[in-house]
Each structure stands twice: as structure tokens, then as C-alpha cells.
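Taking it in order: structure first as C-alpha cells, then the write-up.
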Amino acid sequence: MVFGRLGLVSLRVKTVESVNHNTKRLVFAFRDPHAHSGLQLTSALLTLSRPQGSWLPVIRPYTPINDLDKPGQLELLVKRYPNGKASSHIHSLHPGDSLTFLAPLRGFEWKPNLVPHVYMLAGGAGITPMYQLIRGILKNPDDRTKISLVFGVNTEEDILLQSELEGLAKQFPGRFSYLFTVSRQEGKQFPGSSDEGRLRTGYIDEQLLRGVVGRDSLSGAKVFVCGPPAMEQALAGSGSWGTKSGILQQLGFTKEQIHRF
């Protein structure tokens, strides 16, 4: 296991692909092509970057998007932010360069069939932990959990992992559905799509979620939220100890049902 112990792990960049105007997909190769990452659902990795001109290293978490059981490599989807030292450094990497990783961070400890229905609300780069969990649930033949994803972005170009999500919806009809909501352009329906996959205009708000959340699945569901702080606060609440309720509480979810990545 590559990340089974504490300590630093340096991995070389194998390939780099530009996904859109501010996001790159990087594949890192393990020294042993037969080695496994040792990561579990759900896990992120701390990266240690040394940006040019910076006195101190920068540490940031990123969630791998590849199959965690796939040997030999690790794959990251990294969005570059205007003042992001770590993301700018990672975007400057080329095949053959190296990046240092620290010990893994455990997120939510998922167990098969923990709940009958999972709702995932993602914004921007917050799709990466959702995608890791979606793949992990669906690839397990013993896990029959139903998944509903709502992914909010600024423009259609910002819909990350679109083809992968569409493919999973086709492969697992009735178990995985998604809705893309775009805040800065006119919505449209994908050609040949059905209720399993749609594109609309707007934000992840109460009106949208009332059309997504089924009353029969409310009490036994789990909700995962990951996105910009303002989005998470609007959905899951804010204030000291979550004293100010959010949209999800107004819909009837309890704080115990909601998990922020």
C-alpha cells in the first residue's frame, strides 16, 4: 500500500490533461506498477507544494477520482484558483515532475447499504469526493444504495466529469440519477436525455431540491454536501454549532443526516 503509513510520498506525473479553462486532470504513477493506494471510501490526500518564490510549503487536500483499487497510479482533478498557491503550483507540473503527498485524510466511513438513498449536493470542485463515493457505491455488487446527485456550476463548461457521470447513469438506471444546474446561462435538456440526467438554469435552492427529494425517502436518507462555503452554509446551516438552520433542515432533514466533506 502506497499510502498505508504516515510519512511523505513523492510521485511523478505521468500525464496532464486540460479539462477546461481552469481545471486539469493529472495522473501520478506509483514506483511499483502493481502497488495499490491503500485508500478507502472516502479518502483525500494532503499535497505538499513548494511554489516558486514562497518561503514556506503549502499543504492542501485533494480527493483522488480514480478507482481506488486500480493499481499503479493515482488521479487528481485540480481546479486552479486566481490566488491559489497550491493549485497554481500543481497546474505548472509537467510529465516527469514530482509532487509530494502526505498521509491520507479519512472522510465519511461508508458502509454498503448504510441507507437506502443518498443525496449528493456538489458545487464546483466539490464534485470530486462525490464522484469517488458514487463510483465506490456503484461498483460494489452488494451495495444497492440509490444515489441522486445535484451538481451546481457557473457555466456549462464548468461541469466536471460530465461524460463519466452520464455513463454511470446509463450503466445504472434506476440507481443513479443526476441534475446539473448552471447559474450563468440558459438551461437546456441534453439530447436524448430522460429524467435520469438534466441540465437546468439556476442555483441549488429550496425550490430545486423540493423537486429532487422524495418524501418517501426523506427519513431514511443521507445527504452529502461539498462546495463553496456560502453554498454549504445555505444548504446545511451555519452559526455556532449549526444553530442557524439551512435549506436541508427546512426540507425535513436532521443535522445527523447531513455530512459536509
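The values are calculated or read from the model by the stated rules, or taken from the named source; none is laboratory data. No experiment lies behind these values; they were computed from the predicted model shown. Counting neighbours? That spans all protein chains shown, and the Cβs are built from the backbone with ideal geometry, glycine included. Accessible surface is based on the protein model in full, side chains and every heavy atom, while ligands, DNA and RNA are left aside. Shrake-Rupley method; radii C 1.70, N 1.55, O 1.52, S 1.80 Å.
Worth a mention:
- Selection from GLN132, SER217, SER177 lying farthest towards where the dipole of the range 117-260 points positive, charges on Cβ: SER217
- Between ARG106 and THR201, the simple spin-label model (points 7 angstrom out along Cα→Cβ) gives 4.6 nm.
- Across the accessible surface of the range 117-260, with the other protein chains kept in place and a 1.4 Å probe, carbon and sulfur atoms take up 49 percent.
- For a label point 7 Å along the Cα-to-beta-carbon line of ASP69, residues of the range 140-163 with backbone N under 18 Å: 140-145
- The range 117-260: C-alpha gyration tensor shape, a/c 1.5 cut-off, then a/b vs b/c: oblate
- Net dipole in debye of the chain [+1 Lys, Arg Cβ; -1 Asp, Glu Cβ; about Cα centre; nearest 20]: 460 debye
- In the list [x] -0.38, -1.05; [y] -0.33, -1.17; [z] -0.42, -1.06, the label attached to log10 I(q)/I(0) by the Debye sum over Cα atoms at q = 0.08, 0.15 Å⁻¹ as derived from the coordinates here is [y].
- Net length gained if the chain between GLU256 and SER92 were fully extended (0.36 nm per residue, minus Cα distance): 55.0 nm
- Long-range lysine pairs (8 or more apart or interchain), the chain, Cα under 16 Å: 13
- Antiparallel DSSP beta bridges within the chain, as percent of all bridges there, nearest 5: 50 percent
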